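See structure below.
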Amino acid sequence: MAKDLRLSNFPNVLRTYSTHLPRTAPTGHCFVCWRDYGTKTDPHDFGEIPCHALQLQPCGHYVGSQCFKVLCRSGMSQCQLCRQPIHVLSDPIPKYMQRIVGSPWFDTISKCAGQQEWDHNIPRHNALLWDLFRGGLSVRQAIELWLNFARPLWVGTCKSGVARIIGVQIASGIVEWLFDVQYFELALLKAVLGSWVPCTWRLLAIVLDVASFLGLCLQFDGVLRRGRRYGEILKFWACCFSFWRAITLLLTWKGCLVLLLGNCLSYSVTAAVLIAYGVRQRRRN
């Protein structure tokens, strides 16, 4: 269950929806779990919690109380029968914060960061995430959960982004210093064509790097076949070099570092604020 929980869906759990428990329980069953209202599948199972009829407002449809909690945790805020939005009584998280948390940017990073932690310590990470959604997260556990999401992003950015930017800058700087050129791509193009090429056109150097990146991507299939292993590895690193070289020429290496580190900082702060709302909700409960 906890592995299916997503941090971007947490604002839905903190909302208070307009629902009513009818005085007389309606006959029928929950359309989600197909259990009769107020009954268990196994009467001898003390851990099973029955679904009581819960009337949604303003549409008036019924859903099981336990299944309604599951729907909220999965990010659904509409009636699953008529798709009408459920009326919200209170929403503790500000709207601008919900837009950030609900964006593809935040959701994608949360999935990638969470997957890294699942690969290392699945039970512990799942337990912390489940405690957050059910309102039982302590301050110490909140810090641990925040580190689980923030640490993989910072480590991955430093390894995959910052290290490669610095490596590309050093490699290209050495080549340009040895051959006394401003952009080695243009000097290479001049040597291949055997004609005059402007060696100071930065935009042309970016176009060459992008073309090289796309050409290598089309040739690289990601399969390390026998006899072609080293060739595929060389293509992969050449593809990475062309990509980061084009980015550093477009934004400068300082701009790339600011963009990468700013992304990490923005996500870390957003995740910290979101988890802090969970701890605050626990204290209220």
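Nothing in this text is a laboratory measurement; each read-out follows from the coordinates by a stated rule. Just so it is clear, the model here is predicted, and its values are computed rather than measured. Neighbour counts are summed over all protein chains in view; Cβ atoms, including those assigned to glycine, are modelled from backbone coordinates with ideal geometry.
How far is helix 163-179 tilted off the main Cα axis of the chain, in degrees rounded to 10, range 0 to 90?
Its long axis makes an angle of about 10 degrees.
In what sequence, highest mean first, do 237-244, 210-217 appear when ranked by Cβ atoms within 10 angstrom?
Highest-to-lowest ranking by the protection proxy: 237-244, 210-217.
Under a Cβ-Cβ cut-off of 12 Å, what is the net charge of the residues other than residue 250 that fall near it, where Lys and Arg count +1 and Asp and Glu count -1?
+1
Over the chain, with a Gaussian network built from C-alpha contacts below 10 Å, which listed residue (105, 177, 130) shows the highest mean-square fluctuation?
177
How many Lys pairs in the chain lie less than 30 angstrom apart by Cα atoms, where the lysines are 8 or more positions apart or on different chains?
Summing the qualifying lysine pairs gives 17.
If I take R0 = 30 Å and measure r between the Cβ atoms of residue 80 and residue 108 in this structure, what FRET efficiency does the formula 1/(1 + (r/R0)^6) give, to the nearest 0.05?
Details: r = 26 Å, r/R0 = 0.86.
It comes to 0.70.
Putting +1 on Lys and Arg Cβ atoms and -1 on Asp and Glu Cβ atoms, find which of 189, 28, 154 reaches farthest to the positive end of the dipole of the chain.
Sorting the options by dipole projection puts first 28.
Using helices alone, what [θ] at 222 nm do you get for the chain, with -39,500 (n - 2.57) per DSSP H run of 4 or more residues, divided over all residues and rounded to the nearest 500? Can you show the working numbers first?
Details: 9 runs with 171 residues, N = 285.
After summing the helix terms and dividing by residue count, I get -20500 deg cm²/dmol.
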